[in-house]
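Note sheet for the following structure.
The values are calculated or read from the model by the stated rules, or taken from the named source; none is laboratory data. What you see is a predicted model; the values in this text were computed from it and never measured. With ideal geometry, Cβ positions are generated from the backbone for all residues, glycine too; neighbour counts draw on all protein chains shown. Surface areas here come from the heavy atoms of the whole protein model, side chains and all, with no ligands, DNA or RNA. Shrake-Rupley method; radii C 1.70, N 1.55, O 1.52, S 1.80 Å.
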Amino acid sequence: MKSPLLSLPGAVPAEGVDEGVAAHYGDLFREQRALADGAGFVDLSHRGVVAVTGEDRLSWLHLLLTQHVSALPAGEATEALILSAHGHIEHALYLVDDGTTVWAHVEPGTQEALIAYLESMKFFYRVEVADRTDDFAVVHLPAGSIAEVPDGAVVRETAYGRDLFLPRADLESYAQKAGPAAGLLAYEALRVEHHRPRLGFETDHRTIPHELGWIGTAVHLQKGCYRGQETVARVQNLGKPPRRLVFLHLDGSDVHLPPHGTEIRVADEGEDGRKIGFVTTSVRHFELGPVALALVKRNVPADARLIAGETAAAQEVIVEP
């Protein structure tokens, strides 16, 4: 779905899974600084929007999600995962309940599979699940923003800012009031700075929550059974995850950033050394320079110097070895 905000001056379209919104509006670092200062907004209207209504919505979702939501207060934001039977991450949901409806935004293009799974689990529960992507657009206001929130808008307020669920028809008019616009690359740079994983970027087909530090923020350890819970409990109580998320400071002399999937090796072993991980997201940050998130094997020493492709990288621990 192509955003009407791509018509704003300087807009350069994003590519890949983020196609449909702007990657930037002509000045990446200015846009990052604005967001860091609490100004502007980010168009996330390409993300999927799912709504769950009905008397049993919270108790039902509580059975399916990794998060404790059975008594989620109206207006309180949370995030949750859906795992496979083996504990691998399949979906990530960013939730808020407005008192009558649970609203969630999800990665672009994942809402259909998510809804199909939810529909298959309805049984006798009094719930209705709907794809509202055509009707509602997600807009992000950074932490500290004093931008006006339209009356009646559903809001997810977190430490990183506010996500608004706006009627899609109001997106252009709201952008005129909430500016300046910042592109997705600026939003991603701050996400990487704050070590926040993203489904499909920091995850692959075998990622478990412990590897990404999603325990606590998206996984509640003192709730009842859900699909994949056995893996979560086993790793929590008896072992360590096979991989861990790290933050990389990349050599700033390289012109190109190592793309997603770039193999990582230990520098002392050279470019022909064994592969010990891969880059998940790389960005140019207005203060930190070129940085990245990466998944590496748990037993890689925390002080080991790394190479991402041909780019030297120093690691900073996110998930403890």
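Checking the conditions here, which among 90, 55 is within 19 Å of the chain's Cα centre (by Cα) and modelled with pLDDT of 95 or more?
Values: 55 fails: within 19 Å of the chain's Cα centre (by Cα).
Answer to the check: 90.
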Considering only residues that are in contact with a strand residue (DSSP E or B) (Cβ under 7 Å, 6 or more places away or on another chain), over 18 Å from residue 78 (Cβ atoms) and either surrounded by fewer than 19 Cβ atoms within 10 Å (Cβ to Cβ) or not aliphatic (A, V, I, L, M) (or both), which ones fall in the range 136-149? 136, 142, 145, 147, 149
Could you list, ordered by first residue, the pairs with Cβ atoms under 8 Å in which the first is in the range 161-184 and within 21 Å of residue 32 (Cα to Cα) and acidic (Asp, Glu) and the second is open to solvent by 10 Å² or more (accessible area, probe 1.4 Å) and not in a strand (DSSP E or B), at least 6 apart or interchain? 163/77
With criteria (1) within 24 Å of residue 197 (Cα to Cα); (2) assigned to a loop (DSSP other than H, G, I, E, B), residue 63 comes up short on (2)
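Would you call residue 211 in contact (Cβ under 8 Å) with a residue 12 or more places away in the chain and either crowded, with 19+ Cβ neighbours inside 10 Å or over 23 Å from residue 69 (Cβ atoms) (or both)?
yes
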Find the residue count for the range 89-111, including only residues that are part of a strand (DSSP E or B) and touching an Asp or Glu at 6+ places or on another chain (Cβ under 6 Å). 1
The range 222-254, residues that are in a loop (DSSP other than H, G, I, E, B), modelled with pLDDT under 95 and out of contact with any strand residue (DSSP E or B) (no Cβ under 6 Å at 6 or more places or on another chain): 222, 223, 224, 225, 239, 240, 253
When you look at residue 63, is it among the aliphatic types (A, V, I, L, M), within 27 Å of residue 184 (Cα to Cα) and at pLDDT 95 or above, yes or no? no
Mind checking whether some residue in the range 214-230 is out of contact with any Lys or Arg (no Cβ under 9 Å at 6 or more places or on another chain) and within 23 Å of residue 291 (Cα to Cα)? yes
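May I ask you to list the residues in the range 225-239 that are of a type in the set (D, E, K, R) and surrounded by fewer than 15 Cβ atoms within 10 Å (Cβ to Cβ)? So that I can check it myself, show each step before the final result.
Of the residues in the range 225-239, the ones of a type in the set (D, E, K, R) are 227, 230, 234.
230, 234 - these are the residues of the range 225-239 that are of a type in the set (D, E, K, R) and surrounded by fewer than 15 Cβ atoms within 10 Å (Cβ to Cβ).
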If I filter the range 202-221 down to residues being assigned to a loop (DSSP other than H, G, I, E, B) and among the acidic types (Asp, Glu), which single residue comes out as nearest to residue 244 (Cα to Cα)? 202
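Residues are listed down the side, and each one gets a yes or a no for (1) β-branched (Val, Ile, Thr); (2) assigned to a loop (DSSP other than H, G, I, E, B); (3) open to solvent by 10 Å² or more (accessible area, probe 1.4 Å); (4) free of Cβ contacts under 8 Å to residues at least 60 places away in the same chain:
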position	(1), (2), (3), (4)
50	yes, no, no, no
81	no, no, no, no
87	no, yes, no, no
113	no, no, yes, yes
Restricting the range 24-48 to residues that are open to solvent by 10 Å² or more (accessible area, probe 1.4 Å) and under 16 Å from the mean Cα position of the chain (by Cα), the one farthest from residue 159 (Cα to Cα) turns out to be 46
Here the qualifying pairs (Cβ atoms under 8 Å; residues six or more apart or on different chains; first in the range 54-67 and open to solvent by 20 Å² or more (accessible area, probe 1.4 Å); second not in a loop (DSSP other than H, G, I, E, B)) come out as 54/60; 54/128; 57/97; 57/101; 57/102; 58/97; 58/102
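Within the range 265-318, which strands (runs of 3 or more DSSP E) (wholly inside it) include 1 or more residues that are out of contact with any Asp or Glu (no Cβ under 7 Å at 6 or more places or on another chain) and among the hydroxyl-bearing types (Ser, Thr, Tyr)?
Working: elements: 275-285, 289-297, 305-308, 311-317.
The qualifying strands (runs of 3 or more DSSP E) are 275-285.
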Output the number of the condition that residue 183 fails; it satisfies all remaining conditions of (1) surrounded by 21 or more Cβ atoms within 10 Å (Cβ to Cβ); (2) under 13 Å from the mean Cα position of the chain (by Cα). (2)
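Every residue in the range 115-132 that is in a strand (DSSP E or B) and either of a type in the set (A, V, I, L, M) or crowded, with 19+ Cβ neighbours inside 10 Å (or both), please. I'd like the intermediate steps shown before the answer.
At the first step, the residues of the range 115-132 found to be in a strand (DSSP E or B) are 128-131.
Selection gives 129, 130.
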The range 1-22, subset aliphatic (A, V, I, L, M) and surrounded by fewer than 20 Cβ atoms within 10 Å (Cβ to Cβ), residue farthest from the chain's Cα centre (by Cα): 8
